[in-house]
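The structure under discussion appears below in the form of structure tokens.
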């Protein structure tokens with residue numbers, strides 16, 4: 001889900017408590033902090049030799065301290081924090097939004113947004129863990145880099161050759 005879509009969905013429920021569920025039934029504890037909102041740019045070269053670039057908005061969540069009230073942050077407070085950051089940092093609306101969360105029992109992970117559902121007085125953002133993919137293989141399945149190739153002959157003719165391997 002991109003950042004703009006995420007914010008639009010939140011804006012429909014300003015008074016609900018914002019809940020982040022990172023595993024089935026497991027939630028970031030009420031009283032959590034939004035410690036950082038990052039505008040991240042990635043540049044990479046995949047195993048098929050193709051350069052890739054993309055942006056993400058990463059929101060870092062941290063468990064509450066013992067002195068924090070065990071109450072979920074209202075959506076309007078989250079939006080206020082985001083707007084304050086966006087006024088100073090060039091966060092991109094089309095960038096995928098991710099949530100970074102970890103605690104003493106598990107390492108920090110950049111989760112994708114799966115679903116957002118209103119449940120009573122809460123707006124529940126269901127996060128999904130990231131996976132690993134091979135961009136070159138993904139392109140091949142879509143008819144990209146691993147598809148049929150041609151070679152130039154001595155006189156400029158083109159001859160089909162076996163499909164190239166991506167990795």
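Read the figures in this text as sums done on the coordinates, not as results from a lab. Everything numeric here is computed off the predicted structure, so don't read it as measured data. Cβ sites come from the backbone with ideal geometry, for glycine too, and all protein chains shown count toward neighbours.
Assorted remarks:
- Scoring residue 43 on the criteria (1) on the phi > 0 side of the Ramachandran plot; (2) exposed (fewer than 14 other Cβ atoms within 10 Å of the Cβ) leaves a single failure, condition (1).
- Filtered residues of region 50-76 (kept if in contact (Cβ under 8 Å) with a residue 40 or more places away in the chain and exposed (fewer than 14 other Cβ atoms within 10 Å of the Cβ)): 52, 54, 70, 71
- If you go through region 37-77 and keep only what is closer than 20 Å to residue 13 by Cβ and either assigned to a strand (DSSP E or B) or touching a helix residue (DSSP H, G or I) at 6+ places or on another chain (Cβ under 7 Å) (or both), you end up with 37, 57, 59, 61, 74, 75.
- Yes/no for residue 22 being loosely packed, with under 12 Cβ neighbours inside 10 Å and either assigned to a strand (DSSP E or B) or touching a strand residue (DSSP E or B) at 6+ places or on another chain (Cβ under 9 Å) (or both): no
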